[in-house]
Amino acid sequence: MKLTKINLLNFRNCGNINISLGDKMNIFIGNNAQGKTNILEAITMLALTKSHRVGVNPNIIMFNKKKAQIKGVVKKKNIISKMEVNITEDGKNLKINQTDIKKVSDYISNLNVIVFTPDDLEIVKGSPNIRRNLLNIQLSQISKTYLNTYNEYNKLLKTRNEYLKILFSNSIADKTYLDIITDKLIEKAIFIYQKRREYIDLINIYIDKYYKEIVEISGLKVIYQTNIDFDDYENEVMRKKMKHIFHKNYNKELNYGMTMYGPHRDDFYFDFKGNDLKFFGSQGQQKIAILSYKLAEIPIFTSICETEPLLLLDDIFSELDIKKRNKLLKFINNGNTQTIITTTDLKNISKKYLNDAYIYEVKNGNVERK
Ligand SMILES: Nc1ncnc2c1ncn2[C@@H]1O[C@H](COP(=O)(O)OP(=O)(O)OP(=O)(O)O)[C@@H](O)[C@H]1O
Ligand SMILES: [Mg+2]
């Protein structure tokens, strides 16, 4: 798929941007604080309805304005669709081809994006919920069933936790109800575990190959960590194991008043030649590991969705040495994926990789094609 046009109104410092994008590489150049990341954020919101940024002002409507709007035209196998997100102080409204879309799950598969940002270092270094969040966002884009199952799991989890507290404080409460919820929860959990396992296995098919293309050394893989050890990911084996774990830990969960086992406690880490990159990797190494993870998502998305996703790379060249910058560009240039890159400059970038690129200058919330 290709995002052919983008139109922003009062989105952060972008008052009115209306541009066409190239099918391959698009580079937004500008000094600090001009609006480069804001543009990528807008594209992410157009795709996922949510911002990918953490720790920035959540109010994305331009100061002193009432409404922000993001519009985009997406071409998928010659089918054109118009996507639209309107943001007011009261909330968001989503549209496809001018028709209101009520459910996020009916909206988000229309534009698939893979985003890389400088904050992504937290994927290696930060807490497990950051990594779970990443898995959820990506799996939700490629599987509506995953998104729905994940939401149902969370509802059941909440109910189960509440009921554990009731059981703890009320001696006449009935445990049968807990067992019913537990059985339902297990079914959702099995599906989530299986999908995450499958996804990480797919990542491992590509990640080391891409890592090697950029740094010329191999040995990277992703290790999935669940807090229940499964010998097998077959339904019945998993069901039996989970029932056993919940049975065994009933008193413990009762005392804590919460569900302590399940995919809500999942994690993964980056293993480089037997070491966890969180503790042994340099900042640059960690950055390239995450980047390779994101690049590995391209063939996965492409085969599952039968169309290529859009790759968004924010401030990609910082912390990469000249050789690696060019290796990365070569890699992108060789592929067919539509890519949007932001950078403060194109110093030391080989011109031969920029032949097909659309280059834009971003200045004070405005964009001009060079
Ligand atoms: N709601 C808003 N209304 C108006 N301006 C905003 C709003 N939210 C953020 N901004 C401003 O947008 C400006 C551009 O931010 P952005 O993060 O896009 O910069 P950037 O070009 O990516 O810079 P850098 O190279 O430092 O990453 C910032 O100065 C910020 O204060
Ligand atoms: Mg930025």
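The values are calculated or read from the model by the stated rules, or taken from the named source; none is laboratory data. Only a predicted model underlies this, so the values are computations on that prediction, with no experimental measurement involved. With ideal geometry, Cβ positions are generated from the backbone for all residues, glycine too; neighbour counts draw on all protein chains shown. The area values use the complete protein model at the heavy-atom level, side chains included, leaving out ligands, DNA and RNA. Shrake-Rupley method; radii C 1.70, N 1.55, O 1.52, S 1.80 Å.
As for the range 240-248, it holds no residue that is at pLDDT 95 or above, open to solvent by less than 60 Å² (accessible area, probe 1.4 Å) and either charged (D, E, K, R) or not in a helix (DSSP H, G or I) (or both).
Of the strands (runs of 3 or more DSSP E) lying entirely inside the range 266-367, those containing at least 2 residues that are within 20 Å of the chain's Cα centre (by Cα) are 267-272, 310-313, 339-343. The number of residues in the range 253-264 being part of a helix (DSSP H, G or I) and surrounded by 15 or more Cβ atoms within 10 Å (Cβ to Cβ) comes to 4.
Applying the condition of being basic (K, R) and under 23 Å from I29 (Cα atoms) to the range 40-82 and asking which residue is farthest from ligand 1 (Cβ to nearest atom) yields K71.
Taken together, the residues in the range 20-48 that are in contact with a Ser or Thr (Cβ under 6 Å, 6 or more places away or on another chain) and over 21 Å from A357 (Cα atoms) amount to 1. Would you say A33 is touching a Phe, Trp or Tyr at 6+ places or on another chain (Cβ under 7 Å), more than 15 Å from P309 (Cα to Cα) and within 10 Å of ligand 1 (Cβ to nearest atom)? Judged against the criteria, A33 is not a match.
The requirement of being open to solvent by less than 30 Å² (accessible area, probe 1.4 Å), basic (K, R) and more than 30 Å from E187 (Cβ to Cβ) is satisfied by K287. Listed by first and then second residue, the pairs with beta-carbon distance under 8 Å, at least 6 apart or on different chains, first residue in the range 306-335 and on the phi > 0 side of the Ramachandran plot and within 16 Å of ligand 1 (Cβ to nearest atom), second modelled with pLDDT of 90 or more and not in a helix (DSSP H, G or I), are D315/T117; D315/T342; D315/T343; D315/T344.
Under the condition of being within 16 Å of ligand 2 (Cβ to nearest atom) and crowded, with 19+ Cβ neighbours inside 10 Å, the residues counted in the range 322-357 number 4. Of the residues making up the range 272-288, at least one is within 16 Å of ligand 1 (Cβ to nearest atom), modelled with pLDDT under 95 and in the same structural domain as I186 (by TED's automatic domain parsing). Being open to solvent by 40 Å² or more (accessible area, probe 1.4 Å), modelled with pLDDT of 95 or more and over 23 Å from N148 (Cα atoms): is that true of K184 here? No: the conditions fail for K184. Give the number of residues within the range 52-102 that are closer than 17 Å to N10 by Cβ, surrounded by 14 or more Cβ atoms within 10 Å (Cβ to Cβ) and of a type in the set (S, T, N, Q). Going through the range 52-102 one residue at a time, the tally reaches 3. Only one of the numbered conditions (1) within 16 Å of ligand 1 (Cβ to nearest atom); (2) open to solvent by 70 Å² or more (accessible area, probe 1.4 Å) is not met by F116, and that is (2).
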